[in-house]
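Have a look at the structure below before the remarks.
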Amino acid sequence: LHVLPPPAIPTLLEKHLGQLRSFYQVAPTAPTKGGCFYRKLLAEYYRDLIPATASVLEIGCGGGHLLKLLPNRDVVGVDIAEKQIVAAQALVPKGKFHVMAGEDLELNRVFDVVVLSETVNFAADVQRILEKLHAVSHSGTRLVLNFHSGLWRPFLSLATALGIRAKHPPCNWLSSTDMRNMLGLAG
(Lines give C-alpha, C1' and ligand atoms only; values in the text may rest on other atoms or scores of the structure.)
Protein backbone atom coordinates (compact mmCIF):
# COMPACT_ATOMS: atom_id res chain seq x y z
CA LEU A 1 0.00 0.00 0.00
CA HIS A 2 1.41 3.36 -1.08
CA VAL A 3 0.03 6.36 0.73
CA LEU A 4 0.54 9.75 -0.84
CA PRO A 5 1.48 12.57 1.50
CA PRO A 6 -1.21 15.19 1.95
CA PRO A 7 -0.92 18.17 -0.38
CA ALA A 8 1.17 20.97 1.02
CA ILE A 9 -0.86 23.69 2.65
CA PRO A 10 0.03 27.05 1.09
CA THR A 11 1.63 29.54 3.43
CA LEU A 12 0.04 32.92 4.00
CA LEU A 13 2.71 34.42 1.73
CA GLU A 14 1.92 31.95 -1.06
CA LYS A 15 -1.82 32.63 -0.70
CA HIS A 16 -1.35 36.40 -0.85
CA LEU A 17 1.03 36.17 -3.82
CA GLY A 18 -1.50 33.94 -5.59
CA GLN A 19 -4.25 36.49 -4.99
CA LEU A 20 -2.05 39.33 -6.26
CA ARG A 21 -1.04 37.32 -9.33
CA SER A 22 -4.69 36.53 -10.10
CA PHE A 23 -5.71 40.18 -9.66
CA TYR A 24 -2.99 41.61 -11.90
CA GLN A 25 -3.35 38.83 -14.47
CA VAL A 26 -6.82 40.19 -15.33
CA ALA A 27 -6.24 43.88 -14.49
CA PRO A 28 -5.82 46.32 -17.38
CA THR A 29 -2.23 46.87 -18.45
CA ALA A 30 -2.80 50.50 -19.43
CA PRO A 31 -3.21 53.11 -16.69
CA THR A 32 -6.24 55.37 -16.41
CA LYS A 33 -5.88 59.04 -17.39
CA GLY A 34 -5.20 59.81 -13.74
CA GLY A 35 -2.59 57.03 -13.67
CA CYS A 36 -0.90 58.45 -16.77
CA PHE A 37 -0.72 61.90 -15.16
CA TYR A 38 0.64 60.40 -11.93
CA ARG A 39 3.37 58.44 -13.75
CA LYS A 40 4.41 61.51 -15.75
CA LEU A 41 4.70 63.47 -12.52
CA LEU A 42 6.72 60.67 -10.88
CA ALA A 43 9.00 60.41 -13.92
CA GLU A 44 9.80 64.13 -13.65
CA TYR A 45 10.93 63.66 -10.05
CA TYR A 46 12.70 60.40 -10.83
CA ARG A 47 14.71 62.04 -13.64
CA ASP A 48 16.18 64.34 -10.97
CA LEU A 49 17.04 61.38 -8.73
CA ILE A 50 18.20 58.84 -11.31
CA PRO A 51 21.16 59.59 -13.60
CA ALA A 52 20.31 58.84 -17.25
CA THR A 53 23.31 56.49 -17.44
CA ALA A 54 22.23 54.39 -14.45
CA SER A 55 21.02 50.81 -14.71
CA VAL A 56 17.48 50.63 -13.29
CA LEU A 57 15.46 47.77 -11.83
CA GLU A 58 11.77 48.36 -11.14
CA ILE A 59 10.11 45.83 -8.88
CA GLY A 60 6.38 45.71 -9.56
CA CYS A 61 6.72 47.34 -12.97
CA GLY A 62 3.22 46.48 -14.16
CA GLY A 63 2.82 47.31 -17.84
CA GLY A 64 6.11 49.25 -17.91
CA HIS A 65 4.64 52.75 -18.10
CA LEU A 66 7.01 54.36 -15.58
CA LEU A 67 10.12 52.72 -17.11
CA LYS A 68 9.06 53.98 -20.53
CA LEU A 69 9.12 57.56 -19.25
CA LEU A 70 12.69 57.31 -17.95
CA PRO A 71 15.60 58.11 -20.30
CA ASN A 72 17.67 55.15 -19.07
CA ARG A 73 18.77 52.56 -21.64
CA ASP A 74 19.52 49.71 -19.20
CA VAL A 75 16.14 48.99 -17.61
CA VAL A 76 14.82 45.79 -16.11
CA GLY A 77 11.36 45.19 -14.71
CA VAL A 78 9.83 42.42 -12.66
CA ASP A 79 6.16 41.85 -12.02
CA ILE A 80 4.12 39.04 -10.56
CA ALA A 81 1.70 38.78 -13.52
CA GLU A 82 2.72 37.46 -16.92
CA LYS A 83 0.09 39.64 -18.63
CA GLN A 84 1.72 42.77 -17.22
CA ILE A 85 5.20 41.63 -18.29
CA VAL A 86 4.04 40.92 -21.85
CA ALA A 87 2.60 44.45 -22.00
CA ALA A 88 5.78 45.97 -20.52
CA GLN A 89 7.99 44.21 -23.08
CA ALA A 90 5.82 45.53 -25.91
CA LEU A 91 5.84 49.07 -24.47
CA VAL A 92 9.56 49.18 -23.60
CA PRO A 93 11.36 46.98 -26.17
CA LYS A 94 14.79 48.15 -24.90
CA GLY A 95 14.05 46.66 -21.47
CA LYS A 96 14.33 43.18 -20.05
CA PHE A 97 11.36 41.88 -18.11
CA HIS A 98 10.79 38.92 -15.81
CA VAL A 99 7.68 37.33 -14.33
CA MET A 100 8.63 37.27 -10.67
CA ALA A 101 7.36 38.43 -7.30
CA GLY A 102 9.59 40.90 -5.50
CA GLU A 103 9.48 38.52 -2.54
CA ASP A 104 11.19 35.89 -4.75
CA LEU A 105 13.61 38.28 -6.48
CA GLU A 106 16.51 36.43 -8.08
CA LEU A 107 18.48 38.17 -10.81
CA ASN A 108 22.12 37.49 -11.49
CA ARG A 109 23.25 41.10 -11.63
CA VAL A 110 23.32 44.36 -9.70
CA PHE A 111 21.78 47.73 -10.51
CA ASP A 112 22.62 51.36 -9.89
CA VAL A 113 19.03 52.17 -8.95
CA VAL A 114 16.16 50.04 -7.66
CA VAL A 115 12.66 51.52 -7.96
CA LEU A 116 9.71 50.46 -5.81
CA SER A 117 6.89 52.65 -7.08
CA GLU A 118 3.71 51.83 -5.16
CA THR A 119 4.99 48.25 -4.79
CA VAL A 120 5.16 48.27 -1.00
CA ASN A 121 1.49 49.28 -0.88
CA PHE A 122 0.40 45.92 -2.27
CA ALA A 123 3.30 43.60 -1.44
CA ALA A 124 2.67 40.36 0.40
CA ASP A 125 5.87 40.69 2.48
CA VAL A 126 7.51 44.12 2.34
CA GLN A 127 10.33 43.11 4.68
CA ARG A 128 11.26 40.15 2.49
CA ILE A 129 11.39 42.36 -0.63
CA LEU A 130 13.69 44.83 1.12
CA GLU A 131 15.97 42.00 2.26
CA LYS A 132 16.12 40.62 -1.32
CA LEU A 133 17.46 43.99 -2.55
CA HIS A 134 20.95 43.20 -1.20
CA ALA A 135 21.46 40.61 -3.95
CA VAL A 136 20.77 43.15 -6.73
CA SER A 137 22.64 46.07 -5.17
CA HIS A 138 26.21 47.30 -4.96
CA SER A 139 27.62 49.73 -2.38
CA GLY A 140 26.42 52.75 -4.41
CA THR A 141 22.96 51.51 -5.37
CA ARG A 142 20.20 54.01 -4.76
CA LEU A 143 16.76 52.83 -3.65
CA VAL A 144 13.96 55.08 -4.89
CA LEU A 145 10.55 54.32 -3.50
CA ASN A 146 7.21 55.98 -3.32
CA PHE A 147 4.04 54.91 -1.62
CA HIS A 148 0.91 56.73 -0.61
CA SER A 149 0.19 57.79 2.93
CA GLY A 150 -2.92 56.71 4.81
CA LEU A 151 -3.97 60.36 4.66
CA TRP A 152 -4.76 59.79 0.98
CA ARG A 153 -7.14 56.90 1.71
CA PRO A 154 -10.45 58.83 1.35
CA PHE A 155 -9.26 60.62 -1.79
CA LEU A 156 -7.99 57.43 -3.42
CA SER A 157 -11.25 55.66 -2.56
CA LEU A 158 -13.22 58.47 -4.18
CA ALA A 159 -10.93 58.52 -7.23
CA THR A 160 -11.40 54.75 -7.61
CA ALA A 161 -15.19 55.08 -7.29
CA LEU A 162 -15.17 57.80 -9.98
CA GLY A 163 -12.95 55.74 -12.31
CA ILE A 164 -10.07 58.22 -12.15
CA ARG A 165 -7.92 55.61 -10.41
CA ALA A 166 -7.83 51.93 -11.34
CA LYS A 167 -9.06 49.33 -8.86
CA HIS A 168 -6.35 47.74 -6.75
CA PRO A 169 -6.11 44.89 -4.26
CA PRO A 170 -6.26 45.74 -0.54
CA CYS A 171 -3.50 48.12 0.52
CA ASN A 172 -0.90 47.88 3.30
CA TRP A 173 -1.23 51.59 4.25
CA LEU A 174 2.29 51.85 5.60
CA SER A 175 3.52 55.05 7.22
CA SER A 176 6.88 56.70 6.62
CA THR A 177 7.91 55.50 10.09
CA ASP A 178 6.92 51.93 9.19
CA MET A 179 9.08 52.10 6.06
CA ARG A 180 12.05 53.61 7.90
CA ASN A 181 11.85 50.81 10.45
CA MET A 182 11.60 48.10 7.79
CA LEU A 183 14.50 49.61 5.83
CA GLY A 184 16.57 49.65 9.00
CA LEU A 185 15.71 46.03 9.79
CA ALA A 186 16.62 45.03 6.22
CA GLY A 187 19.96 46.78 6.50
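The values are calculated or read from the model by the stated rules, or taken from the named source; none is laboratory data. Keep in mind that this is a model prediction, so the values were computed, not measured. When we count neighbours, we look across all protein chains shown, and the Cβ atoms used for this are built from the backbone with ideal geometry, even at glycine. Accessible surface areas use protein heavy atoms only, side chains included; no ligands, DNA or RNA. Shrake-Rupley method; radii C 1.70, N 1.55, O 1.52, S 1.80 Å.
Assorted remarks:
- Radius 13 Å from Cβ of Leu143, net charge of other residues (Lys, Arg +1; Asp, Glu -1): 0
- Per-residue SASA remark: Tyr45, around 140 Å² accessible (1.4 Å probe; ligands, DNA and RNA not included).
- Surface composition of the range 44-187: carbon plus sulfur atoms hold 56% of the accessible area, using a 1.4 angstrom probe and ignoring ligands, DNA and RNA.
- Backbone N within the range 144-187 under 19 Å of label point (7 Å from Val110 Cα along the Cβ vector): 144, 186-187
- With the simple spin-label model, which puts each label point 7 Å out from Cα in the Cβ direction, the Val86 to Ala166 separation comes to 1.5 nm.
- Taking 1.002 mPa s as the viscosity and 20 °C as the temperature, the Stokes-Einstein diffusion coefficient of the range 1-120 based on its alpha-carbon Kirkwood radius rounds to 139 µm²/s.
- Average accessible area per residue (Å²) across the range 8-95 - probe 1.4 Å, nucleic acids and ligands excluded: 55
- With Cα atoms defining each centre, the range 49-98 and the range 145-187 are spaced 21 Å apart in the structure.
- As a calculated quantity, the FRET efficiency between His134 and Leu4 at R0 = 45 Å, using C-beta atoms, amounts to about 0.70.
- Using the 1.4 Å probe convention, the accessible area of the range 107-181 works out to 56 Å² per residue with neighbouring protein chains retained.
- Span-rule helices in the chain, defined as complete DSSP H runs reaching 18 Å or more along the axis (Cα) with Kyte mean at least -1.0: 12-26, 33-49
- Range of Cα positions in the range 62-180 per principal axis (Å), largest first: 40, 34, 24
- Percentage relative contact order, the chain, counting C-alpha pairs under 8 Å, at least six apart: 20
- Taking all Cα pairs closer than 8 Å and separated by 6 or more residues, the relative contact order of the range 1-94 comes to 29 percent.
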